[in-house]
Amino acid sequence: MKIVQVQAIAVAVPLRGTFQIASGAIPSGRNVIIRCRTDTGVEGLGEASPVAATDADTQRSIVDIVTREFEPRLLGKDPLDLPTLLATVQTAVPGNQCAKAGMDIALHDLAGKVLGLPVYQMLGGLFRREIALPEADIWLDTPENMAACARTAYEAGVRNFEIKIGVSPAMDYERVQAVRRAVGPQARIRADCNEGYDAANALRSLRKLEAFDLEYIEQPLPRWDCEGMARLAAALDTPICADQAAYTTHDVFRLLSMAAADLICIKIPKSGLAGAQTIHATCEAAGVRCTLGSMLPLGIGAAAIHHFALHARNVDIECSGVYGSPLDYYQDDLVHGSMVGKDGVIRACDAPGLGVRLDEAKLERYSVQ
Ligand SMILES: [Mg+2]
């Protein structure tokens, strides 16, 4: 069996709103669906989901890299030679982590379908059979609006909150205070700064937030400032989590060597499944826990996150952004067969690969040139 075609299709599915984080607005999804076919008709599905305010990759760059760089190198290869295929993708170009992550997801789905195994089995099996933890992201807004959002989610049963901060230290204090008051002392709250502070103001500002019993503070400084992150991690009682500083295993090794993070946020859309596995193992070796994050994927990317979340043992799953269905944040989805039930619970199922099927009509409707 051999790979005979790799396709990249840019899609634009409308979001349910414009999401605001410290590094900018996310007005729409700009995802790319990847289809990797064999000569026997088996097809692997992948998805790249770069976030506009955060990732260097764009839809155009991803389509270009998949079709011009990945496809020629993968044609004729055996889909079960996964380590060879993944190394080929990793070394094809420097950087472009989102494109590589999308291709990695497609190759895992393909190999799983050929073997008749769910992706979580290919990763090593299940650590948990289900994830029943509703989670709410509270996007950057006024303290009053953020508190109202948090309260609505709390009344719907959510006890796990990620609040977006990182603009204006005084306002951030009010934001965190308002959300904590809205959801009470028991709810688990983490604050994501999305690189919004600088070394000169971060410590003074974040020290004030320690009064609100945050689970952790995510990516307070720009991704390149590992030295600054190490100083914050040493000075604060609240753990520091690295996100944008941690795309690759090499990034994570450096962060941990410098004691620049107490937690690492793993995202399949930035690291792929293979990268997530090595990051997870590197953290485990260092005695550092991981969290999971998302990057507004549609159903294929979300399924990859769910498979990893069901498998990975060194993850604080109760304080992660695994999300439920993409329909929570997008107006539509492109797949059938999600592991997320109508009750929002993610349950392992034994369908091969990621277990999702593309809706061809929807793919056509939402594809963009
Ligand atoms: Mg983050």
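The values are calculated or read from the model by the stated rules, or taken from the named source; none is laboratory data. Keep in mind that this is a model prediction, so the values were computed, not measured. Because the Cβ atoms are built from the backbone with ideal geometry, glycine has one as well, and the counts that use them run over all protein chains shown.
Brief remarks on what is shown
- Test: residue in segment 331-339 that is more than 26 Å from residue 123 (Cβ to Cβ) and either surrounded by fewer than 20 Cβ atoms within 10 Å (Cβ to Cβ) or in contact with a Gly (Cβ under 6 Å, 6 or more places away or on another chain) (or both): yes
- Reported count of residues in segment 310-328, each being hydrophobic (A, V, I, L, M, F, W, C), within 16 Å of the ligand (Cβ to nearest atom) and in contact with a helix residue (DSSP H, G or I) (Cβ under 8 Å, 6 or more places away or on another chain), is 2.
- In this structure, residue 92 does not satisfy being in contact (Cβ under 8 Å) with a residue 40 or more places away in the chain, of a type in the set (A, V, I, L, M) and not assigned by TED's automatic domain parsing to the domain that holds residue 348.
- Qualifying residue in segment 351-359 (condition: on the phi > 0 side of the Ramachandran plot, crowded, with 24+ Cβ neighbours inside 10 Å and more than 16 Å from the ligand (Cβ to nearest atom)): yes
- Positions within segment 263-284 being within 15 Å of the ligand (Cβ to nearest atom), in contact with a helix residue (DSSP H, G or I) (Cβ under 9 Å, 6 or more places away or on another chain) and within 20 Å of residue 232 (Cα to Cα), in sequence order: 263, 264
- Residues in segment 194-214 that are more than 13 Å from the ligand (Cβ to nearest atom) and part of a loop (DSSP other than H, G, I, E, B): 197, 198, 213, 214.
- Among the residues of segment 214-256, those that are acidic (Asp, Glu) and either at pLDDT below 95 or farther than 25 Å from residue 185 by Cβ (or both) comprise 225, 227, 243, 251.
- Given (1) touching a helix residue (DSSP H, G or I) at 6+ places or on another chain (Cβ under 6 Å); (2) on the phi > 0 side of the Ramachandran plot, number of the condition residue 32 does not satisfy: (2)
- Top-ranked residue of segment 1-17 - restricted to ones that are out of contact with any Gly (no Cβ under 9 Å at 6 or more places or on another chain) and in a loop (DSSP other than H, G, I, E, B), ranked as farthest from residue 41 (Cα to Cα): 17
- Residue list for segment 167-210, filter: farther than 19 Å from residue 232 by Cα, surrounded by 15 or more Cβ atoms within 10 Å (Cβ to Cβ) and basic (Lys, Arg): 175, 180, 188
- Any hit, segment 39-51, residues being small (Gly, Ala, Ser), over 24 Å from residue 139 (Cα atoms) and assigned to a loop (DSSP other than H, G, I, E, B): yes
- Enumeration of residues in segment 279-314 that are in contact with a Phe, Trp or Tyr (Cβ under 8 Å, 6 or more places away or on another chain), among the aliphatic types (A, V, I, L, M) and within 19 Å of residue 13 (Cβ to Cβ): 296, 298, 302, 305
- Residues of segment 56-77 classified as within 21 Å of residue 114 (Cα to Cα) and either of a type in the set (Lys, Arg) or in contact with a helix residue (DSSP H, G or I) (Cβ under 8 Å, 6 or more places away or on another chain) (or both), total: 4
- Qualifying residue in segment 95-112 (condition: assigned to a loop (DSSP other than H, G, I, E, B), of a type in the set (Gly, Ala, Ser) and in contact (Cβ under 8 Å) with a residue 60 or more places away in the chain): no
- For segment 217-238, filtering for residues that are within 14 Å of the ligand (Cβ to nearest atom) and surrounded by fewer than 23 Cβ atoms within 10 Å (Cβ to Cβ) leaves 2.
- Here the condition is being in contact with a Gly (Cβ under 7 Å, 6 or more places away or on another chain) and of a type in the set (Val, Ile, Thr); of 119, 93, it holds for 119 alone.
- Restricting 292, 256, 298 to those that are away from the ligand (no atom under 16 Å from the Cβ) and touching a strand residue (DSSP E or B) at 6+ places or on another chain (Cβ under 7 Å) reduces the list to 298.
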